[in-house]
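Structure record follows, encoded as structure tokens.
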Amino acid sequence: MSLEEKSEGWLREYGHKLPWARGIVKKYGLDLSVYGFGFESTKAFRIDKPDIANLIEDIHFLKAFDEYVSAKLPHDFSSVLEVGTGMWTYVSALAAFFRRYNPQVPIIGIDNDPLFFGESRKSVQGKNLEGVEAVLGDINYWERKHDIVVTICQNLTDGGHLYGPRGLTPSRDFFYSIWKAISENGLFVIGLGFTSASEMDARRALTPFFKDIVSNPNQYDGGKSTYPIEFLFTAKPKLPQELSQS
């Protein structure tokens, strides 16, 4: 059975649960072969079912970004940076999303934890993604600028993340470093997980360095994600003269 036949069977089976799944897969050209659809069972290596859990999560990820981020993308953006990749399990969906709008855009993901960096690199290699690179790096020392900067996290702590239980304490150094890494007409996308931090707290954390802040409660959480997104924010960096007035 061909990859197309296998994926079509899955889309038919799950169509009643995710009626928008077929459209999202087609629109973003999600490579279903990385989820096991492209493999045949052999005596040495048997895959009876594709990796449904990761596929469902990636489809939800794409649906959320399609709904809340696509209309905000800078015109002719030429680079994407993700800060804090963790395991980078959703890297296929991330790449599929941005490549829909710029097929050649380089995507870099950084994490300052050597363990997570190693896992991120394995994820990229395992999914055979061209032009996507995992780098061991710290945003506080990052010197390049990018048109789009993304961070997806469950909490932001003092070292760069928001924390509970009393809302969040923003690290000015972290958000200042994010601001420095974004080109003047760029976009910051931040996904916050299920924390006790309120939408108002998040806005307060972003306001010193960003403007045109839009928050969206995420209706498209697959429920099993390592990094579930409760709120997805988009924001534009303030100009230097606006920053001095904050």
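The values are calculated or read from the model by the stated rules, or taken from the named source; none is laboratory data. Just so it is clear, the structure is predicted and the values come from calculations on it, not from any experiment. All Cβ positions, glycine included, derive from the backbone under ideal geometry; neighbour counts span all protein chains shown. Ligands, DNA and RNA are stripped out before the accessible areas are found, and what is left, the full protein with its side chains, is counted by its heavy atoms. Shrake-Rupley method; radii C 1.70, N 1.55, O 1.52, S 1.80 Å.
Here is how the numbers come out for the structure above:
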read-out: Residues located in segment 106-117, provided they are buried (at least 19 other Cβ atoms within 10 Å of the Cβ) and either outside any helix (DSSP H, G or I) or of a type in the set (D, E, K, R) (or both); value: Ile107, Ile108, Gly109, Ile110, Asp111
read-out: Qualifying residue in segment 122-141 (condition: open to solvent by 40 Å² or more (accessible area, probe 1.4 Å), touching a helix residue (DSSP H, G or I) at 6+ places or on another chain (Cβ under 6 Å) and closer than 21 Å to Lys236 by Cα); value: yes
read-out: Single condition Phe65 does not satisfy, out of (1) under 14 Å from the mean Cα position of the chain (by Cα); (2) surrounded by fewer than 20 Cβ atoms within 10 Å (Cβ to Cβ); (3) part of a helix (DSSP H, G or I); value: (2)
read-out: Test: residue in segment 159-172 that is at pLDDT 85 or above and either within 20 Å of the chain's Cα centre (by Cα) or hydroxyl-bearing (Ser, Thr, Tyr) (or both); value: no
read-out: The listed residue being more than 29 Å from Leu18 (Cα to Cα) and modelled with pLDDT under 95, out of Asp147, Asp51, Asp58, Asp138; value: Asp138
read-out: Among residues of segment 194-229, those that are in contact with a strand residue (DSSP E or B) (Cβ under 8 Å, 6 or more places away or on another chain), at pLDDT 75 or above, within 20 Å of Trp88 (Cβ to Cβ) and not aliphatic (A, V, I, L, M), counted; value: 1
read-out: Residues within segment 202-212 that are part of a strand (DSSP E or B) and open to solvent by 30 Å² or more (accessible area, probe 1.4 Å), tallied; value: 2
read-out: Answer from Ser92, Ser120, Ser78 - the residue that is touching a residue at least 60 places away in the same chain (Cβ under 8 Å) and not in a loop (DSSP other than H, G, I, E, B); value: Ser92
